[in-house]
Amino acid sequence: MKPTQKPANPNFSSGPCSKRPGYDVSNLDLSTLGRSHRAAIGKAALGRACADTAQALGLPEGYRVGVVPASDTGAVEMALWSMLGPRPVDIFYWESFGKGWQTDIVKQLKLEQVNEYSADYGALPDLAQADPSHDIVFTWNGTTSGVKVPHGDWISDDREGLTICDATSAVFAMDIPWKKLDVVTFSWQKVLGGEGAHGMLILSPRAVERLESYTPPWPLPKIFRMTKGGKLNEGIFRGETINTPSMLCVADYLDALEWVNAIGGVAAAIEKSRENLAVIEAFVAANDWIDFLATEPATRSNTSICLSLDLDPDQVKQVVKLLDAEGVAHDIGAYRDAPAGLRIWGGATVERSDLEALMPWIEWAYRQVTG
Ligand SMILES: Cc1ncc(COP(=O)(O)O)c(C=O)c1O
């Protein structure tokens, strides 16, 4: 039987992610638009984006937060190109984006002392291989496989190397052990349902020390440069961006931060996301034709929830198309490099009631396709 109730919001994309409940573009504070981002008003808004992020996330003393160009990719690239080189690198990857960072390190930077630890879609590599005297590069949540790192216990508190973590689909949705991480990146377009364009770069004091003590042998484009005369350009971490940002995107991000505080802060956002995952867990438990791509329950992502169906890839495409055409779920096909399946976003901007409404539709679409 075709379900009768549709999700009130059919946006389940894994990025850009659904806008927050109650989002209304006309409620944004647009007083910065049409003004210089270096005027007091612009700088204050950008400074707030940095300071309010640090406060909302409860970052340790001494950690810096900066707004940088080119979304999460820009933030990760800045870190890799500015900091890697002086130590061997351990890179852990298990899906498309992590593989992209491996390519940068091996093929672009051409670093020679690189240890690669990888796993297929659905699994995690052996994180215990991490050597605390090496620099470690990894993704907290593999957005395209729905496999997350379950905790940071494998990272040494006494490490000599840096940990560089792409956490774009984890920040504001998963517990992050900040003291274990030296560089953390994310984008506004993910968990908070903000816009692309700018990335957030979080640096520990040890990351700053690396920047001030090491100069890479390769040239660095201006948009990657974080030091001036061997000292950290602190302005970047107070809202003095390297180049011109979109103040509209900044206004949108400040609105998202206010919302996350209003719902109870990061802890509430994490809980909401876990409850969203629980809706899908119950559905998967009740249906033997659908399963998580993540093989270990502890590694199941609560944001980019990846599911495999006992269908061939063309049938999966038909399921995705049917759900889209019915207006019940947009953009839920697996990422292009991942195995065929569904990928449903479960971050806090998605309402549990919408996921509950979606589940019977998935069953309906499956029955349509298998006829
Ligand atoms: C783990 C991961 N890294 C990097 C990116 C790229 O992000 P952006 O397009 O915001 O630069 C994504 C986007 O989905 C991602 O999921």
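The values are calculated or read from the model by the stated rules, or taken from the named source; none is laboratory data. Just so it is clear, the model here is predicted, and its values are computed rather than measured. Every residue, glycine as well, gets a Cβ built from its backbone with ideal geometry; the counts of neighbours run over all protein chains shown. What goes into the accessible areas is simple: the full protein's heavy atoms, side chains included, and nothing from ligands, DNA or RNA. Shrake-Rupley method; radii C 1.70, N 1.55, O 1.52, S 1.80 Å.
Considering 129, 55, which residue is free of Cβ contacts under 8 Å to residues at least 24 places away in the same chain and not hydroxyl-bearing (Ser, Thr, Tyr)?
Checking each option against the conditions leaves just 55.
How many of the residues in the stretch 298-353 are in contact (Cβ under 8 Å) with a residue 12 or more places away in the chain, closer than 14 Å to residue 10 by Cα and open to solvent by 10 Å² or more (accessible area, probe 1.4 Å)?
11
Residues are listed down the side, and each one gets a yes or a no for (1) basic (Lys, Arg); (2) touching a residue at least 60 places away in the same chain (Cβ under 8 Å); (3) within 12 Å of the ligand (Cβ to nearest atom):
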{"residue": "62", "(1), (2), (3)": "no, yes, no"}
{"residue": "68", "(1), (2), (3)": "no, yes, yes"}
{"residue": "79", "(1), (2), (3)": "no, yes, no"}
{"residue": "87", "(1), (2), (3)": "yes, yes, no"}
{"residue": "100", "(1), (2), (3)": "no, no, yes"}
{"residue": "135", "(1), (2), (3)": "no, no, no"}
{"residue": "139", "(1), (2), (3)": "no, no, yes"}
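Among the strands (runs of 3 or more DSSP E) confined wholly to the stretch 113-215, which include 1 or more residues that are under 21 Å from residue 14 (Cβ atoms) and open to solvent by less than 10 Å² (accessible area, probe 1.4 Å)?
135-139, 163-166, 183-187, 198-203
Which pairs turn up if I take residues in the stretch 176-188 that are within 13 Å of the ligand (Cβ to nearest atom) and look for partners that are in a helix (DSSP H, G or I) and of a type in the set (A, V, I, L, M, F, W, C) with beta carbon separation below 6 Å, at least 6 apart in sequence or on another chain?
Partner pairs satisfying both residue conditions: 185/75; 185/76.
Got a number for residues in the stretch 283-300 being out of contact with any helix residue (DSSP H, G or I) (no Cβ under 8 Å at 6 or more places or on another chain) and of a type outside the set (Asp, Glu)?
9
Of the residues 289, 259, which is among the aromatic types (Phe, Trp, Tyr), closer than 21 Å to residue 170 by Cβ and in contact (Cβ under 8 Å) with a residue 24 or more places away in the chain?
When all the criteria are applied, what remains is 259.
For residue 269, only one of the following conditions fails: (1) closer than 26 Å to residue 17 by Cβ; (2) part of a helix (DSSP H, G or I); (3) open to solvent by 20 Å² or more (accessible area, probe 1.4 Å). What is its number?
Of everything listed in (1) closer than 26 Å to residue 17 by Cβ; (2) part of a helix (DSSP H, G or I); (3) open to solvent by 20 Å² or more (accessible area, probe 1.4 Å), residue 269 misses just condition (3).
Test each condition in (1) within 16 Å of the ligand (Cβ to nearest atom); (2) within 15 Å of residue 92 (Cβ to Cβ); (3) of a type in the set (Phe, Trp, Tyr) for residue 172 and report the one that comes out false.
Residue 172 satisfies all of (1) within 16 Å of the ligand (Cβ to nearest atom); (2) within 15 Å of residue 92 (Cβ to Cβ); (3) of a type in the set (Phe, Trp, Tyr) except (2).
Given the options 100, 34, 42, name the one that is open to solvent by less than 50 Å² (accessible area, probe 1.4 Å) and either in a loop (DSSP other than H, G, I, E, B) or under 28 Å from residue 147 (Cα atoms) (or both).
Numbers: 34 fails: open to solvent by less than 50 Å² (accessible area, probe 1.4 Å); 42 fails: either in a loop (DSSP other than H, G, I, E, B) or under 28 Å from residue 147 (Cα atoms) (or both).
The unique qualifying residue is 100.
Can you tell me which residue is surrounded by the most Cβ atoms within 10 Å (Cβ to Cβ) among those in the stretch 9-31 that are among the polar types (S, T, N, Q) and away from the ligand (no atom under 16 Å from the Cβ)?
Looking at residues that are among the polar types (S, T, N, Q) and away from the ligand (no atom under 16 Å from the Cβ), I get 9.
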